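K.L.:
My questions all concern the structure below.
The values are calculated or read from the model by the stated rules, or taken from the named source; none is laboratory data. These figures come from a predicted structure and were not determined experimentally. Cβ placement follows ideal geometry from the backbone for every residue including glycine, while neighbour counts extend to all protein chains displayed. Areas reflect the complete protein model, heavy atoms only, side chains present, ligands, DNA and RNA absent. Shrake-Rupley method; radii C 1.70, N 1.55, O 1.52, S 1.80 Å.
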Amino acid sequence: MELFLNVLSALLILLSVLPFIRNQHWIFRVPEFMKIQLLILQAAVFGFSIVLVSKDIWFWVLNTIQFGLMCYHLYVLIRYTKFYKRKKTSKTSQSSSKVKILSVNVHQFNTEFSRFHELIAKHQPDIFITMETDSKWEEANRKLEKQYPHTQKMTLDNTYGMHLYSKMPLQKSEIHFFVADDIPSFESHFKTEDGRDFILFGVHPPPPSPTEERTSKERDGDLLCVAKKIRGTKTPTLVIGDFNTVAWSDTSILFRKTSELIDARVGRGILATFHAKYWFFRVPLDLLFHSSDIFVDRLETLEHIGSDHFPILCEFHIDPVAKQVQKDEVKTLKEEEKEVVDELIVEGRKEESDNRDRTEHPH
């Protein structure tokens, strides 16, 4: 038992330390998704070790490091709980009408279309974005177009299809391919009922994993291209979608600083969206960032629709008062971080170019 606990303790320490290494290979990036699970397992192993393991030098070394890492995980995660104090505001005479947006990765191979349609009928969003929507999903969702006549579509069968449906007219729309010609990002311009302009970005970059992208280069480059495009925009802006990273990752932090947007999860809860079928492995991959002149009234995950992701629902209003209240939550890049961002974008584009060359000229 002692040997088992010592080996498990060392493994948990290794998984906790790997994300500190600035390497984009999936081996180093995937463990940063697991911070909640690591904290739970470390607490259990720490407790059992106190009771069952001999108090030799290895006990003190492993458990001192383990305790320090547990404190670090708690320090990071506390921001994403309701215990974290954030400034709040309510509607004022300058507030816009509320807008309700729903975002969901439907899972391309999920064919429970009716469960998704029931979800839309129940929650009645003004706008909804779907990810992993292929030709079958587009066909199934055409019945919704009577109620949601304004659409933006990129139908793909590579699990990166994306569709937007809206009751509100699109003022302008654009589909970007920032680092890869098969990974779209949506830019959609709207106007609220009372005439307030806002921009909605939908994103779904590829994850680093042994079964998909070997590194996080395309994901990081894609997200940071979106962030750079947003930076300096005067129009109220939201970014929503399956980021394939967690809110506390280095990539998310760079995204937040580059775009100068606010992470809507801070002070609201973890709101884990993936994996819908395995509760212990759930992590928050579907994120929402917004500009300081937007106040998020409601952010929550919704019921299971047969996908491996839970849908996420956001209600917000635009208010110049919110900008003043939330200004301290806006973070900006340091000079050295600007260089890192530029390098990551170059690496992301180069990775796509290299992948394409390998496909066209296989060895």
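K.L.:
Specify which labelled value, from [x] 178; [y] 158; [z] 190, agrees with volume of the Cα convex hull per residue in Å³ derived from the coordinates of the model shown.
P.N.:
[y]
K.L.:
Along the positive direction of the dipole of the stretch 1-126 (beta-carbon charges: Lys, Arg +1; Asp, Glu -1; about the Cα centre), which of 83, 12, 104 reaches farthest?
P.N.:
Farthest towards the positive end: 83.
K.L.:
At a temperature of 20 °C and a viscosity of 1.002 mPa s, determine how fast the stretch 1-151 diffuses translationally according to Stokes-Einstein, using the Kirkwood radius over alpha-carbon pairs as Rh; express D in µm²/s, rounded to the nearest whole number.
P.N.:
Working: Rh = 20.2 Å.
Roughly 106 µm²/s, to the nearest whole number.
K.L.:
Using a 1.4 Å probe over the heavy atoms of the protein chains, calculate the carbon and sulfur portion of the accessible area of the chain as a whole percent.
P.N.:
In the chain, the share of accessible area belonging to carbon and sulfur is 58 percent.
K.L.:
In vacuum, with every alpha carbon of the stretch 67-193 counted as one equal point scatterer, what does the Debye formula give for log10 I(q)/I(0) at q = 0.09, 0.11, 0.13, 0.17 Å⁻¹? Two decimals, please.
P.N.:
-0.39, -0.55, -0.71, -0.95
K.L.:
Using a Gaussian network model of the chain with C-alpha springs under 10 Å, which one of 153, 143, 100 is most mobile by mean-square fluctuation?
P.N.:
Evaluated over the chain, the most mobile residue of the options is 143.
K.L.:
If the cut-off is a Cα-Cα distance under 25 Å, which lysines reach residue 229, setting aside same-chain residues fewer than 8 apart in sequence?
P.N.:
List returned: 100, 153, 172, 191, 217, 257, 323, 327, 331, 334, 338, 350.
K.L.:
What is the helix-to-structure angle for 335-360, meaning the angle in degrees between its Cα long axis and the longest Cα principal axis of the chain, kept from 0 to 90 and rounded to the nearest 10?
P.N.:
80 degrees
K.L.:
How do 324-334, 286-296, 27-37 rank on mean C-beta neighbours within 10 Å, highest first?
P.N.:
286-296, 27-37, 324-334
K.L.:
Taking the alpha-carbon distance from residue 146 and a cut-off under 19 Å, which aspartates and glutamates remain once sequence neighbours fewer than 8 residues away in the same chain are dropped?
P.N.:
118, 126, 138
K.L.:
Just to confirm, what accessible area per residue do you get for the chain at 1.4 Å probe, in whole Å²?
P.N.:
Details: 16700 Å² over 363 residues.
I get 46 Å² per residue for this part.
K.L.:
For a bin width of 5 Å, list the pair-distance distribution of the stretch 207-363 built from all Cα-Cα distances, rounded to whole %.
P.N.:
For the stretch 207-363, the pair-distance distribution reads 2, 9, 16, 19, 18, 14, 12, 7, 2, 1, 0, 0.
K.L.:
Another one. Using DSSP to call loops (not H, G, I, E or B), can you name the trypsin sites (Lys or Arg not before Pro) in the stretch 249-326 whose Cβ has at most 15 other Cβ atoms within 10 angstrom?
P.N.:
In loop regions of the stretch 249-326 (DSSP not H, G, I, E or B), the sparsely surrounded trypsin sites (Lys or Arg not before Pro) are 277.
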